[in-house]
Every structure is written in structure tokens, then in C-alpha cells.
Amino acid sequence: MTILTDRIVLPRAERAPLSSVIYRVFFAGCLVVFVAVVVRLSGDNYVDVTGDAIGMIDAFYYASVTVTTTGYGDISAVTQSGRLATIFLITPARILFLILVVSTTVEVLTEQSRELIAERRWRQKVKDHTVICGFGATGSAAAKDLIARGQNPDQIVIVDSDAEVIKTATRQGFVGIVGDASATDTLEQAGITTASSIVVAPNRDDSAVLITLTARELNASAHIVAAGRERENLHLLKQGGASEVIDATSAVGRMLGMGTYSPSAARVLDDLLAAGEGIELVEIAPEVRDGEAVLPEDATLVGIVRNGARLPQRQVTPSNIEMHDRIVVLRDS
């Protein structure tokens, strides 16, 4: 497997490296000008090997070779005042120039090393995370919902082909992968083989189908939730390996229709979908008391899922809950 390390973007504080480098170069240039002015104004305190007077070009030449420690020795201080100027003015300028050059180089190398170490540590610990393919309106909303439900941002990996979108994701604390989510190497960099869940939310249904197929091939056990825009494509997502298929367009349409004839119901439904606010609709395991599966006291039973299938509503009663069921309940957020 080929590791393309430049495609992984880990969240970090925003910096302005270019402006920092430009500032340092400008300051280093000011030091060269400073040394040149000192030499030029010193008059006869400095002479060159030819014995000619020091001109402005000579002064800049001396300044450049001095601050860079090249020091050809063809211009030298010949008086006490010239030597004092070299000691107290030019030598500190030379040291400061070297500090600027060395610090810039060290900072660049340190930043690269820090990124490599951070990436290596992330690769070692990433497991049971969520991969979101596509960070548009749907993908970003899914990420916000996961955060509201208690998932840590560093356990969410965003995959998108737009580098600017990935920058937005990393500013929110997510790990970002720049690349095509339908490509095997891109998903492998996202740790797809150890992911517990995958959200497929690109802007096109054909992309969603291809991403779902690739993700299922790489991870046979992950829970894949895919969003489709056209109803005729939903069965393709299911056949491609999606555990759950969401009809995104119809879901919004039904909400709009409900809001026209039953606005109160629409508000309650919207509240149910908003994690961390009011009441929420969640899937949980039943509590076990005295060896029996029971409904939690703070929950209202809505549905029972047994062996992957939802029981008919007439069978949805607290007394019908079994040990290995998954129950859907209403409870306070």
C-alpha cells in the first residue's frame, strides 16, 4: 500500500507561515542595511586591500559577507573606533542575522517533524471511528449530530476532494483526507478498515453508490449509512452494501408537507432530530433486571428491532422485550 502522507490534514491551530518568513527576511535585510550604513558613515575607520575609500557599494558588499560570516577579509577595521563599531554594532547584527536564518530553518524542520509524528500517532490509535465521505450540507450536518450525541471530533474523519472543504473541517477539529472517497487508497488513509461506521454523503448518487461499494469491500463489518437523492437509486445503495439508506430528498419533502397540515407535529419531529435539545429518538439496548430485559424507566417505547427486523407495532409492548433486542425509545436529551 502506498501512503500519501501529504493528503492527510490533521486539525491544528491556524498559522501564517508565509507572513512570518517575509517578516524575518525583511528584518534580515534591515540588518544588512544597518551594517552597511555603519561602515559607510565610519569614514576612514575601514579600508579595503586596495587602499581606496569605502563607497556605498563597498559598504553593502562588506555588510553582506559579514552577516553571513563569509568574511573574505578584504575590508577591515583599521582604527580603534572602527573596531569598537565592529564589536558593539556589527557583531550583534551578525549574530541576530544568524539567529533569524537558523530559527526559520529549524521551525520549518520542526513543523514537518511535528506533522509526521502527529500523523503516525493518529494512525496508531485510530480505531472504531466514523468516516464521513463528503462534507457538504448533508455530511457537515451528520458530523454536527455525532458531536452533539457525544462523539469526539478526533474520532471523526472527513473525506472530500475539495481542499478548502477539508480546511473547514479541520478548523472544526476533525481529521481531514483530501482525495476521492471512491478510491481505495484514499479510504485506506482514512482508516476505513478499522472504522465502526461510515457515512456516505456526496452530492451525486452515482458517487454514493461507488463509495458504498468500495467501502463495503474494504470493511465488511462497518455500519454504512448512505444518503440518496433519487428514489430509483436507493436500491443500488442497498445492493452496494449500505446498512441503512436514507432518502434525503423525500425526507425533507415529507417534513415540508407535514409542516403545512400539522405544524405542531413537524416541530416535535424536528425536535426529535435535534440532538441535545428537548427529547430525542434513539436506539438502545434494554436494561437487565433480575435476569430479564426491561424498558428503562425514563424512556417511552416506540419500536422493537429483533434480528435486524422491526416488529409489527401491535407487538411493541414493554412485556415483549427480549434480551438481545434493540429498542427505539423517546427520552429526554
key: Residue-span extension gain [Ser196 to Ala251] - 0.36 nm each, minus C-alpha spacing   = 17.3 nm
ask   = Arranged by the count of other C-beta atoms within 10 angstrom, fewest first, what order do Ser161, Ser196 take?
value = Ser196, Ser161
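Write down the Å³ per residue value for the convex hull defined by the alpha carbon atoms of the range 278-332. All intermediate terms of the calculation are to be shown ahead of the outcome.
Numbers: hull volume 3.8 nm³, N = 55.
Given the Cα convex hull of the range 278-332, per-residue volume reads 68 Å³.
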Neighbour-count order for Phe27, Phe60, fewest beta carbons within 10 angstrom listed first = Phe27, Phe60
key: DSSP-loop GluC sites (Glu not before Pro) across the range 268-316, with at most 15 other Cβ within 10 angstrom   = Glu277, Glu297
note = Taking a crude spin-label model, label points 7 Å out from Cα along the C-beta direction, the Asp44 to Asp325 distance in nm is 10.8 nm
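We did not get these values from a lab; they are worked out from the coordinates using the rules stated. Since this is a predicted model, take the numbers as computed values, not measurements. Virtual Cβ from ideal backbone geometry, glycine too; neighbours counted across all protein chains shown.
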